[in-house]
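Chemist: Starting off with a structure, shown below.
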Amino acid sequence: MHHGIESGDELKRYAQFAEGSGFESLWVTERYFHEETLSLVGFLAAVTKTINLGIGVVNPFTRSPSLTAMGAATIDRLTGGRFVLGLGRSDKQLITGKLGIDYENSLQRLEDCIESIRYILRSKSYSLRKDLNPIELAGTPLKSSVPLYMAAIGPKALCLASRAADGVILNTYSTIDYVHHSIKIIRESLEKNNRDPKSLRIACMLPVRLTDHVSDSLINECKRKIARILSEQFVGELFINQTGADKYLFVLRQAVYDDNENEIYKLITEGMVKQHYIIGNQKHCIDRINQYIDAGIDQPLLLPRLSSFFDVASTLNPKITAI
């Protein structure tokens, strides 16, 4: 959930507008040091009746598998079986750099977390470790299996999602080229694991800036965000796969570290903004969303500014969105 929610009444208006517009799902994003995500979804469960509610995403470091399973079972019951749980690794800069939590073997930790949550939600009892007594939830979910989506960006994570999850959430700011590359890996992994491709839904969070006038200030704002994303370890290498990428990323990361906006504006072109964002008027945004759907995205999760939520929802009217 983006920061800026002033009251429960405001949040209620967002949720009921989405539900009244015929949306399939409403997802809440996890942002540390802002509103707490499970609390928000619990509130949304109380003010909605039909719309599916998803979390994108919680991680195995700040919440234990048992605590996450408790939350999932509780919200599933509160919603009458409308809950979708999203899990991901977050990133080392946050988990270790700000919270001081060990991030080693993060993908294995996530895999263990997925397995633990599956067992806890489905079985009468489950031992998180061999040296611990089995635990059992008093309140089980309504559905036999709460849908579990996994956020993934690199090849190993994509293969894990293809093997262990009900859905995969591709990285926010993904380009069409990256989507094609990721879906190729996913489909190969599904085939290797003898899994029906229809059993895995492919979602992608798409940052949307709906406007009839793309101003220089908006372009520069987007450039700064893209620069921060590409400066993250491994992310830049995955998104930029071309000759001279190492040198380019070194210069870009130095510019981000130095907070050198002029250099950032030179390094991140307007063409890159158009690749990483859904930005423009109604027709352009719809065309861009359809490009992602044609590339293989089953669930485009539109991620507008909270202040633009109603405009985006009423103008683009997607079945699925995120706030």
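The rows are residues; the columns are (1) of a type in the set (A, V, I, L, M, F, W, C); (2) surrounded by 14 or more Cβ atoms within 10 Å (Cβ to Cβ); (3) touching a Gly at 6+ places or on another chain (Cβ under 8 Å).
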site: L230; (1), (2), (3): yes, yes, yes
site: F239; (1), (2), (3): yes, yes, no
site: K247; (1), (2), (3): no, no, no
site: F250; (1), (2), (3): yes, no, no
site: V256; (1), (2), (3): yes, yes, no
site: D259; (1), (2), (3): no, no, no
site: N262; (1), (2), (3): no, no, no
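Chemist: Here is a further query. Can you name the residue in region 157-200 that is of a type in the set (V, I, T) and part of a helix (DSSP H, G or I) and is also surrounded by the most Cβ atoms within 10 Å (Cβ to Cβ) among such residues?
Modeler: This residue is I186.
Chemist: Among residues belonging to region 242-267 that are more than 18 Å from Q93 (Cβ to Cβ) and among the small types (G, A, S), point out the one that is nearest to the chain's Cα centre (by Cα).
Modeler: Ranking the qualifying residues of region 242-267, first place goes to A245.
Chemist: For N52, indicate whether it is within 16 Å of the chain's Cα centre (by Cα) and buried (at least 22 other Cβ atoms within 10 Å of the Cβ).
Modeler: So N52 fails the test.
Chemist: Let me ask something additional. Could you check D259 against (1) touching a strand residue (DSSP E or B) at 6+ places or on another chain (Cβ under 6 Å); (2) not in a helix (DSSP H, G or I) and say which number it fails?
Modeler: (1)
Chemist: Would you confirm, using the coordinates I've provided, whether S145 is surrounded by fewer than 20 Cβ atoms within 10 Å (Cβ to Cβ), over 24 Å from T29 (Cβ atoms) and without any contact (Cβ under 8 Å) to a residue 40 or more places away in the chain?
Modeler: Against the criterion (surrounded by fewer than 20 Cβ atoms within 10 Å (Cβ to Cβ), over 24 Å from T29 (Cβ atoms) and without any contact (Cβ under 8 Å) to a residue 40 or more places away in the chain), S145 does not qualify.
Chemist: Considering only region 256-281, how many residues are within 18 Å of T175 (Cβ to Cβ) and touching a residue at least 60 places away in the same chain (Cβ under 8 Å)?
Modeler: 6
Chemist: For residues that are in a helix (DSSP H, G or I) and of a type in the set (D, E), scanning just region 203-247, find the one that is nearest to S25 (Cα to Cα).
Modeler: In this case the residue turns out to be E221.
Chemist: State all residues of region 91-132 that are in contact (Cβ under 8 Å) with a residue 12 or more places away in the chain, among the aliphatic types (A, V, I, L, M) and either surrounded by fewer than 16 Cβ atoms within 10 Å (Cβ to Cβ) or outside any helix (DSSP H, G or I) (or both); if no residue qualifies, say none.
Modeler: Those that are in contact (Cβ under 8 Å) with a residue 12 or more places away in the chain, among the aliphatic types (A, V, I, L, M) and either surrounded by fewer than 16 Cβ atoms within 10 Å (Cβ to Cβ) or outside any helix (DSSP H, G or I) (or both): L99, I101, L107, L128.
Each row is one residue, and each column tells you yes or no for (1) more than 28 Å from F17 (Cα to Cα); (2) assigned to a helix (DSSP H, G or I); (3) modelled with pLDDT of 90 or more; (4) not assigned by TED's automatic domain parsing to the domain that holds Y14.
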residue: E35; (1), (2), (3), (4): no, no, no, no
residue: L40; (1), (2), (3), (4): no, yes, yes, no
residue: A45; (1), (2), (3), (4): no, yes, yes, no
residue: K49; (1), (2), (3), (4): no, no, yes, no
residue: S66; (1), (2), (3), (4): yes, yes, no, no
residue: T74; (1), (2), (3), (4): no, yes, yes, no
residue: L78; (1), (2), (3), (4): no, yes, yes, no
residue: G81; (1), (2), (3), (4): no, no, yes, no
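Chemist: Just to check your reading of the model, which residue among R209, R253 is touching a residue at least 60 places away in the same chain (Cβ under 8 Å) and more than 23 Å from V168 (Cα to Cα)?
Modeler: Only one candidate qualifies: R209.
Chemist: Criterion first (within 30 Å of G20 (Cβ to Cβ), at pLDDT 95 or above and either surrounded by 18 or more Cβ atoms within 10 Å (Cβ to Cβ) or not assigned by TED's automatic domain parsing to the domain that holds H34 (or both)) does I219 satisfy it?
Modeler: So I219 fails the test.
Chemist: Name, by its number, the condition in (1) hydroxyl-bearing (S, T, Y); (2) without any contact (Cβ under 8 Å) to a residue 60 or more places away in the chain; (3) out of contact with any Leu (no Cβ under 9 Å at 6 or more places or on another chain) that does not hold for S162.
Modeler: All conditions are met except number (3).
The values are calculated or read from the model by the stated rules, or taken from the named source; none is laboratory data. These numbers were taken from a predicted model, which means no experiment stands behind them. FYI the Cβ positions are ideal-geometry reconstructions off the backbone, even for glycines, and counts take in every protein chain you see.
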